[in-house]
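Student: Here you go, one structure.
The values are calculated or read from the model by the stated rules, or taken from the named source; none is laboratory data. Predicted model, so just to flag it, every value in this text is computed and none were measured. Heads up, the Cβs are rebuilt from the backbone with ideal geometry, glycines too, and the neighbour counts pull from every protein chain shown.
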Amino acid sequence: MPNRIRIALIASLTAISLLMAAAPVGAVVTPQKVVIIVGPTGALTDNYRTRGDSIAVAASAAGASVVKVYSPNATWANVKAAVNGANIVIYLGHGNGFPNPYGTTELTDRHNGWGLNRTTTNGDGDNWGSTMVYCGERVLRGLLTSSDDTARLTYCGGTANDGITPAPNWVMIYSNACYAPGASEGSDTPATETKALQRVRNYSFPALSVGAGAYFSTDMHEGAQQLVDTILRNPGMPFGTIAENANGYDLYRQRHFAHPDLAGKRIWIQNTGTPTSGDYFFAYAGAPALTPSGTTVAYTEPTPPPQPVPTVIGRYPASGATGVSASAQPAVQFDRVVVGVSASSFTLKRSDGAGVAASVRNNGDSKQFTLLPSAALTAGTTYTLALSAAITSVEGGALTPTSWTFTVAGTAPPPPPGTTVYSPAAQLVFKTGTHTGYQFSTTGVMTAQKSYTLPSTQNANTSTRKSITNQSGKWFYVVNGVWAGYWMRESSVLYLASAPVTLPAASTANFSPVRPLVFKMGTHTAYQFSSAGVMTAVKSYTLPNDQTANTSSRTTLVAQAGTWFKVVNGVWAGYWVRSSDVVYLQP
């Protein structure tokens, strides 16, 4: 079963609790009701029960009455009864949110809710197909219908369920449940900001839509205990301030948004990971000026300050350096700890645009990194080092992309046979329509591509024409315009202004039966177009050798230069590919 448990990961800030004003002498104070739910989590359930007990101690010390509903007794019927009239509900257990790696559709009957025991007789078993059931958003809201699946209808109250009925302005707290604060499961890739926001949006909706005054989710050390203590002791404190005082809250890491589904509500998410495992471990949603007592008070939401942005403070070789050793290992130093440095964000390219295969070494402090080329650099050749915006500070501030050049000592070898170098650069003609440029490694592996549609015939300049390893045809290296830094294959729609390329005229034809097309070895790009000739899809693929596919027609297309084949099978089935000297009808 997927591991949807979030064990405490992060050391916390010291909890801050403000004392509640004493009640008037003789006043009768009804204790706040705190319900703690511990769902089945297999062998880890004891850990969660212990956490629940710690939360119960904090709640009792703050004057609340506490109801525990722990696995194996955490069935839907028992939990629903317990949360009736509750002021604070804390859930510890498996989280099941969306987006997730298991599907592309949000299933609100089982997402954004609680993982509970099916019956009281299966211990702490957490097999979601037999012993545990996810009672999701529509269960909490009482919206199941007869068309829902058997598990929800049998173990989550069915169509008779009218949803949960906590007290007005209640507070929902998720503790160490995946997805609820935005975080991914431990085995999955850490969430992006967009994905984390979507998860908290979805998970907070059911609670807020049935009258909750606030939604919190925390994976912080003792995060739930601290939140419960602060809420109970400070009924007049705005929830925004409560969130600011939460364990692990870091304004520099915060991101604030309007709730997409609930007017007047806000969502706060926070990436709180380490430099190598960043994820979203704290979230708040609700109206920040609202208080636990139900009043609205003056409150100014804090504005997260600009994220610190890393700066390059050291480069080797220096910009413009000459006479550099062919065995040089380029290096860079930043002014602060950074994340995202890799062979794709710290790159080395030859003057002809070919990428140099290399690995990256972190020199130990996440501030200094060395690029390790897989082979010696070429004498007399100018190289470009580049750092991309994928490199960020721990807080998320992106590096301003930067690049610099250096030249290796010695005399450059003569260009390979068939290579032409243009100095000054020569002019290229690009005919009307869609073209794709590529970047390649020294072995001819495509490392980047860029497709763009030209509304008319246009020009750009090239510095080199040559063959590329494992790629058919002749290629131009473009030095300006849309495709600056990319290679473009020579064809009848892309050629030197001084040497146009022409193909024999080809008539429009439908092929029945279909005809075989020859695709020469290397990278090709095919497209889908609207009736107006606007590109709607693009697919690039590299063939290790010459191959064939079938075509049903040859024709011209609106707003697209050249002659095109409609491919009906293989990689590009349903796409158009332009006729050229590397894509043609099999003789």
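Student: If you check S217 against the conditions, is it modelled with pLDDT under 95 and more than 23 Å from V297 (Cβ to Cβ)?
Tutor: no
Student: Which condition from (1) hydroxyl-bearing (S, T, Y); (2) surrounded by fewer than 20 Cβ atoms within 10 Å (Cβ to Cβ); (3) touching a residue at least 12 places away in the same chain (Cβ under 8 Å) is the one that S60 breaks?
Tutor: Only one criterion in (1) hydroxyl-bearing (S, T, Y); (2) surrounded by fewer than 20 Cβ atoms within 10 Å (Cβ to Cβ); (3) touching a residue at least 12 places away in the same chain (Cβ under 8 Å) is unmet by S60, namely (3).
Student: Do the conditions hold for T119, that is, is it part of a loop (DSSP other than H, G, I, E, B) and either over 22 Å from the mean Cα position of the chain (by Cα) or under 29 Å from G223 (Cα atoms) (or both)?
Tutor: Here the answer is yes, as T119 does meet what is asked.
Student: Is it the case that some residue within the range 94-102 is within 21 Å of G186 (Cα to Cα), surrounded by fewer than 18 Cβ atoms within 10 Å (Cβ to Cβ) and assigned by TED's automatic domain parsing to the domain that holds L197?
Tutor: Taking the range 94-102 as the starting set, the residues that turn out to be within 21 Å of G186 (Cα to Cα) are 94-102.
From the residues that got through so far, the ones that are surrounded by fewer than 18 Cβ atoms within 10 Å (Cβ to Cβ) too are 101-102.
With the extra rule that they be assigned by TED's automatic domain parsing to the domain that holds L197, the set shrinks to 101-102.
Yes, the range 94-102 contains a residue that is within 21 Å of G186 (Cα to Cα), surrounded by fewer than 18 Cβ atoms within 10 Å (Cβ to Cβ) and assigned by TED's automatic domain parsing to the domain that holds L197.
Student: Based on this model, can you work out whether A425 counts as among the hydrophobic types (A, V, I, L, M, F, W, C) and surrounded by fewer than 19 Cβ atoms within 10 Å (Cβ to Cβ)?
Tutor: Numbers: among the hydrophobic types (A, V, I, L, M, F, W, C): yes; surrounded by fewer than 19 Cβ atoms within 10 Å (Cβ to Cβ): yes.
So A425 fits the description; yes.
Student: In the range 144-165, what count of residues is obtained for those that are within 30 Å of N234 (Cβ to Cβ) and crowded, with 24+ Cβ neighbours inside 10 Å?
Tutor: To start, the set of residues in the range 144-165 that are within 30 Å of N234 (Cβ to Cβ) comprises 163-165.
With crowded, with 24+ Cβ neighbours inside 10 Å added as a condition, the list becomes 164.
Number satisfying all stated conditions: 1.
Student: Do we find that P310 is surrounded by 20 or more Cβ atoms within 10 Å (Cβ to Cβ) and not charged (D, E, K, R) in this structure? Full working, then the answer.
Tutor: Values: surrounded by 20 or more Cβ atoms within 10 Å (Cβ to Cβ): yes; not charged (D, E, K, R): yes.
The answer is yes for P310.
Student: Please verify whether Y91 is closer than 23 Å to A183 by Cα and either surrounded by fewer than 17 Cβ atoms within 10 Å (Cβ to Cβ) or touching a residue at least 12 places away in the same chain (Cβ under 8 Å) (or both), treating the condition exactly as stated.
Tutor: Considered against the rule, which asks whether it is closer than 23 Å to A183 by Cα and either surrounded by fewer than 17 Cβ atoms within 10 Å (Cβ to Cβ) or touching a residue at least 12 places away in the same chain (Cβ under 8 Å) (or both), Y91 comes out as yes.
Student: Could I ask something else about it? Which condition does A506 not pass, out of (1) within 22 Å of T432 (Cβ to Cβ); (2) of a type in the set (A, V, I, L, M, F, W, C); (3) touching a Phe, Trp or Tyr at 6+ places or on another chain (Cβ under 8 Å), if it passes all the others?
Tutor: It fails just one condition, (3).
Student: If you go through the range 314-347 one residue at a time, how many are within 25 Å of Y477 (Cα to Cα), under 26 Å from the mean Cα position of the chain (by Cα) and crowded, with 18+ Cβ neighbours inside 10 Å?
Tutor: Going through the range 314-347 one residue at a time, the tally reaches 3.
Student: Can you tell me which residue among T432, T378, T400 is surrounded by 15 or more Cβ atoms within 10 Å (Cβ to Cβ) and not assigned by TED's automatic domain parsing to the domain that holds T443? Can you show your working first?
Tutor: Working: T432 fails: not assigned by TED's automatic domain parsing to the domain that holds T443; T400 fails: surrounded by 15 or more Cβ atoms within 10 Å (Cβ to Cβ).
One residue alone meets the criteria, T378.
Student: Now for a different question. So for the range 573-586 (the condition being within 29 Å of P455 (Cβ to Cβ), of a type in the set (S, T, N, Q) and in a strand (DSSP E or B)), does at least one residue qualify?
Tutor: No: zero hits.
Residue-wise test of (1) touching an Asp or Glu at 6+ places or on another chain (Cβ under 9 Å); (2) more than 24 Å from K474 (Cβ to Cβ).
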{"residue": "A509", "(1), (2)": "no, yes"}
{"residue": "F519", "(1), (2)": "yes, no"}
{"residue": "F529", "(1), (2)": "no, yes"}
{"residue": "V538", "(1), (2)": "no, no"}
{"residue": "V558", "(1), (2)": "no, yes"}
{"residue": "G562", "(1), (2)": "no, no"}
{"residue": "W572", "(1), (2)": "no, no"}
{"residue": "L585", "(1), (2)": "no, no"}
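Student: Before we move on, is T295 modelled with pLDDT under 95 and either surrounded by 15 or more Cβ atoms within 10 Å (Cβ to Cβ) or not aromatic (F, W, Y) (or both)?
Tutor: Taking the combined requirement at face value, the residue does not satisfy it.
Student: Tell me, which strands (runs of 3 or more DSSP E) wholly within the range 301-349 include 2 or more residues that are within 16 Å of L371 (Cα to Cα)?
Tutor: Answer list for the range 301-349: 312-316, 331-334.
Student: Same structure, new question: Could you list, in sequence order, the residues of the range 223-241 that are farther than 17 Å from A289 by Cβ and out of contact with any Lys or Arg (no Cβ under 9 Å at 6 or more places or on another chain)?
Tutor: Scanning the range 223-241 gives G223, Q226, L227, V228, D229, L232, R233.
Student: Next question, about the same structure. Filter the range 122-137 for residues that are outside any loop (DSSP other than H, G, I, E, B) and touching a residue at least 60 places away in the same chain (Cβ under 8 Å); which is farthest from S184 (Cα to Cα)? Show your work before the answer.
Tutor: Initial filter on the range 122-137 (outside any loop (DSSP other than H, G, I, E, B)): 132-135, 137.
Next cut, touching a residue at least 60 places away in the same chain (Cβ under 8 Å) only: 132, 137.
Working: M132: 21, E137: 19 Å.
This residue is M132.
Student: Next up: Do we find a residue being among the aliphatic types (A, V, I, L, M), surrounded by fewer than 22 Cβ atoms within 10 Å (Cβ to Cβ), in the same structural domain as E193 (by TED's automatic domain parsing) and under 30 Å from P292 (Cα atoms) anywhere in the range 121-143?
Tutor: Within the range 121-143, the subset among the aliphatic types (A, V, I, L, M) is 132-133, 139-140, 143.
Cutting the leftovers down to surrounded by fewer than 22 Cβ atoms within 10 Å (Cβ to Cβ) gives us 143.
Those still in the list that are in the same structural domain as E193 (by TED's automatic domain parsing) too: 143.
Okay, now just the ones that are also under 30 Å from P292 (Cα atoms), so 143.
Yes: one or more hits.
Student: Criterion first (under 32 Å from the mean Cα position of the chain (by Cα) and either β-branched (V, I, T) or over 19 Å from E106 (Cα atoms) (or both)) does Y174 satisfy it?
Tutor: Here the answer is yes, as Y174 does meet what is asked.
Student: Can you pull out every residue in the range 416-431 that is of a type in the set (S, T, N, Q) and in contact with a Lys or Arg (Cβ under 9 Å, 6 or more places away or on another chain)?
Tutor: T419, T420
Student: Also, quick follow-up: Is at least one residue of the range 510-529 in contact with a strand residue (DSSP E or B) (Cβ under 6 Å, 6 or more places away or on another chain), among the small types (G, A, S) and surrounded by fewer than 20 Cβ atoms within 10 Å (Cβ to Cβ)?
Tutor: no
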